[in-house]
Amino acid sequence: MAKKDGKKSQKRIDKNIIRLLLGLSFLLLIIISFILFLSWPLLTGTTVELATRPVDPFDILRGQYMTIGYEISTIPGSFNQGDIVYVSLEPDNEGIWRLTDASTQKPDKGVFIKGTMDGNNRVRYGIEQFFFERNADVPTRDITVEVKIDSQGNARIVQLLQNREPVEIEYEAKSLTS
């Protein structure tokens, strides 16, 4: 009788282990899908360089960051707040990608970036902030941003550029009082 109770107990433990492993596998799958979703434009996207108008604020809760206003954030046409807008882009003779058309219809071909109308014909693309460590000395003049855009128009910042070269972020020496 003791052997039967031992076998039942072992089967129960085995079932619990299987349930635990299935639950952990499911959670891991969710985490991997979020990472893949956010990284997909970086892995498969077209690299473009966008002209900017940066501002350098500091938020005590989020740290130091640069709010980036893009030349393509102001678009012609009449759109409603909350509209999904597809902005077609083409490079100029300097290699800076500029707006050629804006529509609520996804283009069939070419490079385009997807954004949401924020009112006053301003578009937000989800790449308007660039975070860096505290005490960083980041230049804010003559900045362009290298962005990767996937085939659906989703964009991610790759790096900041100044005069077509990657920005070197310098950090002030930290002391106990800083």
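The values are calculated or read from the model by the stated rules, or taken from the named source; none is laboratory data. The model shown is predicted, which means the values in this text are computed figures rather than measured ones. FYI the Cβ positions are ideal-geometry reconstructions off the backbone, even for glycines, and counts take in every protein chain you see.
For a quick check of your reading of the model, give me the residue pairs whose first member lies in region 122-140 and is assigned by TED's automatic domain parsing to the domain that holds residue 82, whose second is assigned to a loop (DSSP other than H, G, I, E, B) and of a type in the set (S, T, N, Q), with beta-carbon atoms closer than 6 Å and at least 6 apart or on different chains. If the second residue must be assigned to a loop (DSSP other than H, G, I, E, B) and of a type in the set (S, T, N, Q), no pairs are left.
In this structure, does residue 159 turn out to be assigned to a loop (DSSP other than H, G, I, E, B) and at pLDDT 80 or above? In short, no. Mind counting the residues in region 65-87 that are surrounded by fewer than 17 Cβ atoms within 10 Å (Cβ to Cβ) and closer than 16 Å to residue 126 by Cβ? Adding up the residues that qualify gives 5. Residue 144 falls short of the stated requirement of being assigned to a strand (DSSP E or B) and either on the phi > 0 side of the Ramachandran plot or at pLDDT 95 or above (or both).
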